[in-house]
1. A:Pro299 passes all but one of (1) within 14 Å of chain B (Cβ to nearest Cβ); (2) assigned to a loop (DSSP other than H, G, I, E, B); (3) modelled with pLDDT under 95; (4) open to solvent by less than 50 Å² (accessible area, probe 1.4 Å); which number fails?
2. Those residues that are of a type in the set (D, E, K, R), open to solvent by less than 70 Å² (accessible area, probe 1.4 Å) and assigned to a loop (DSSP other than H, G, I, E, B), I need them from region A:302-348; list them, please.
3. Quick check on region A:35-53: of everything there that is of a type in the set (Asp, Glu) and closer than 13 Å to A:Met223 by Cα, which residue is surrounded by the most Cβ atoms within 10 Å (Cβ to Cβ)?
4. Exactly one condition in (1) more than 21 Å from the chain's Cα centre (by Cα); (2) buried (at least 18 other Cβ atoms within 10 Å of the Cβ); (3) assigned by TED's automatic domain parsing to the domain that holds B:Leu205 is false for B:Arg90; which is it?
5. Filter region B:261-275 for residues that are out of contact with any Leu (no Cβ under 8 Å at 6 or more places or on another chain) and closer than 14 Å to B:Val340 by Cα and give the result.
6. From the residues in region B:328-341 that are within 14 Å of another protein chain (Cβ to nearest Cβ) and open to solvent by 50 Å² or more (accessible area, probe 1.4 Å), which one is modelled with the lowest pLDDT?
7. Could you list, in sequence order, all residues of region B:269-300 that are in contact with a helix residue (DSSP H, G or I) (Cβ under 8 Å, 6 or more places away or on another chain), more than 14 Å from every other protein chain (Cβ to nearest Cβ) and in a loop (DSSP other than H, G, I, E, B)?
Amino acid sequence: MTDIKAEIDVLPGLDSSARLLDVENLHVEFRTQAGVARAINGVDIHLDPGETLAILGESGCGKSVTAQAIMGILDSPPGFVTKGAIRYRGVDLLKLPEEQRRKVRANHIAMIFQDALSALNPVFSIGFQLGELFRVHRGTSRQDARRRSIELLDLVKIPAARQRINDYPHQFSGGMRQRVMIAMALALDPKVLIADEPTTALDVTVQAQIMNLLAELRRERNMGLILITHDMGVVADVADRISVMYAGKVVEEAPVLDIYARPAHPYTKALLESIPRLDMKGQQLNVIKGLPPNLLRIPAGCPFHPRCAYARDVCRADPPPQQYDVAPARTARCHFWTEVVGDEPAGS
Amino acid sequence: MSQPVAKDVVLETSNLVKHFPITRGIVLQTQVGAVRAVDGVDLKLRRGETLGVVGESGCGKSTLAKLLVGLEKPTSGSIDVRGQDMTRLRGAELRRARRNIQMVLQDPYTSLNPRMTVGDIIGEPFDIHTEVVPRGERKQRVRELLDLVGLNPEHINRYPHQFSGGQRQRIGIARALALKPEIIVCDEPVSALDVSIQAQVINLLERLQDELGLSYIFIAHDLSVVRHIADRVAVMYLGKIVEIGVEDEIYERPTHPYTQALLSAVPVPDPTLRGQRDQIVLEGDVPSPANPPSGCRFRTRCWKAQDICAEQEPALTEREQSAHPSACHFAEERNVVHAVE
Ligand SMILES: Nc1ncnc2c1ncn2[C@@H]1O[C@H](COP(=O)(O)OP(=O)(O)OP(=O)(O)O)[C@@H](O)[C@H]1O
Ligand SMILES: Nc1ncnc2c1ncn2[C@@H]1O[C@H](COP(=O)(O)OP(=O)(O)OP(=O)(O)O)[C@@H](O)[C@H]1O
Ligand code: SF4
Ligand code: SF4
Ligand SMILES: [Mg+2]
Ligand SMILES: [Mg+2]
């Protein structure tokens, strides 16, 4: 297989025994006219092959910026990575020249976006856009590229792929466009797929189709999948592990069963108690007071303290110094995590 | 459950239809078809009640909302508010009747005029309905409204961009309440909000309903939110209601295949239920409302479809296997919300 050789040529130092993806102490800031927005303040996440990691959090907490930093597509300026490492199989991507990062992006780590229509080029046919990937990155002949494009559209279950290959993006429904995006992301057989809110704009019935498709492809290809979402239902359905973000930090990380049964961070707990459930009636909704912080002025101490039901004086003065180990493979960034994890979940 | 008496009904539509013409040509326009956005909707709303309306994108929910508040003119059918047919009223009578039914929109970012102060936005309905509040008392009334929805009355001179999404939605609600309506049509009022803010707005709507005796039409695509807030629920597909009932009937005992598919696709935030629930995966997309299938409109995606489904349109009515109205020839209960053994 020439593809594999191409990979090794691209990435000197690639160590197949090192972790698939390891993000360590990542910091990103946006230098804007209004000031410096500290969007990411020390994020640690990691990913293994075949695994689904969900990054969960509310609008503005830094989910997409984390993904953009991993992909190397940060809007820069104003965005800058100021600290940290992003290691793919041992290679720190932040140290690579742009030329090589572009190749990593195509061949190793791929991403699908929330808004498929704006990510696809409206003036080229679906077939051309898919085929271009093979021609540019693999030097495939026109005819072969076309054949492989049809195979990909089949793979993502576009009906009558052979007929539809010459259609343009606007001729596809929202769900079908998202499938085309998935096809493009998978074209060069990446080992890591980042899906940033892939179904947020879609109906639930279509969401179910797309999530099933992603799970199937992840399994077949033993890919690592990072799913970015704010939907705690979707996470419960598909994730192996969860990282909950707040104000640019991971505040809790845990296997999916543990976090829903016994959250260890007050923010996670409050989120779980604030969503209505399809299978419950007459439920009392807990309200999280206040708003997420303005990133230009993140509160001193623990950034969650103005909204936290557990907050005490120490929280206003000192941020939790570390992610505390709650259990093996479980951490929480809270002074009082023992108390939180010991509390009965409200409303059950 | 006691049988509601007729005077309890504050809103009733009968065979409500909205077709948008599809035209061809620029100078000489000829109609070549119609988008049947709302295609014969009958519903009743009672005093103090919340009727949820759910369905996939494009099924006609927003068009229905606009018809109810008079932002679109119906192609045919009637809308009775307190026994007066709004579609027949004109002039001052129509204006007065419209006061009674107001709307809250989805997008708190674009539905407020950025160049108007919050006070002007909330007080704007008083310009149109000058008889409601004397000019000199307007400011006071606006402050009361701000207070009512949990905003600081001191912020009356601020602009929308100085508020967060959840606060902007409160401004929209205050504006809808200005004319003291009995009915509020909420079109996706919390869809654009973060979960932690969503609960604040839902609780506010519930509190206002209790305090003011409001009736809500609550449109949303999030079936979990609708279950939480609604007393009764109508499920729409391609311009028609396919199933309607009290919250328990729709969620615990759905009988229409479309409702069942929709509910089964909603993920539940509980990983112990993974793979434990009945999963119905619908194939294909919603057909075009310009050219809906004959007979039952759901038949192109329905796993239960028979020949009769293409020939005869199923009426929305109670059936042998469905104690509440369901528009399916083969309506029967199926548990899709909870784990199946
Ligand atoms: N190009 C940019 N210029 C300035 N600030 C930015 C830029 N991109 C992102 N930010 C800021 O970084 C923060 C994190 O944004 P990010 O897009 O990662 O949020 P998110 O968690 O993905 O939210 P959402 O759920 O809304 O997508 C935000 O406060 C945002 O304002
Ligand atoms: N002014 C209009 N002219 C022509 N067609 C329209 C118009 N407004 C709506 N439609 C069409 O009517 C149908 C119903 O649209 P509507 O906005 O009511 O759906 P909806 O259920 O609110 O969807 P969503 O969940 O996406 O908001 C759609 O096919 C839409 O394209
Ligand atoms: S450290 Fe304090 S303020 Fe922060 S989450 Fe824990 S209890 Fe709340
Ligand atoms: S009437 Fe027929 S096609 Fe329509 S929902 Fe019932 S079984 Fe399906
Ligand atoms: Mg984002
Ligand atoms: Mg709508």
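The values are calculated or read from the model by the stated rules, or taken from the named source; none is laboratory data. Since this is a predicted model, take the numbers as computed values, not measurements. Backbone-built Cβ (ideal geometry, glycine too); neighbour counts: all protein chains shown. Accessible surface is based on the protein model in full, side chains and every heavy atom, while ligands, DNA and RNA are left aside. Shrake-Rupley method; radii C 1.70, N 1.55, O 1.52, S 1.80 Å.
1. (1)
2. A:Arg333, A:Asp343
3. A:Glu51
4. (2)
5. Of everything in region B:261-275, those that are out of contact with any Leu (no Cβ under 8 Å at 6 or more places or on another chain) and closer than 14 Å to B:Val340 by Cα turn out to be B:Ser264, B:Leu273, B:Arg274, B:Gly275.
6. It comes out as B:Val340.
7. B:Pro293, B:Ser294, B:Gly295, B:Cys296
To keep it simple, each residue is scored yes or no on (1) away from chain B (no Cβ under 12 Å); (2) in a strand (DSSP E or B); (3) within 22 Å of the chain's Cα centre (by Cα).
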| residue | (1), (2), (3) |
| --- | --- |
| A:Leu202 | no, no, yes |
| A:Ile210 | no, no, yes |
| A:Arg219 | yes, no, yes |
| A:Val235 | no, no, yes |
| A:Ala254 | no, yes, yes |
| A:Glu273 | no, no, no |
| A:Gly290 | no, no, no |
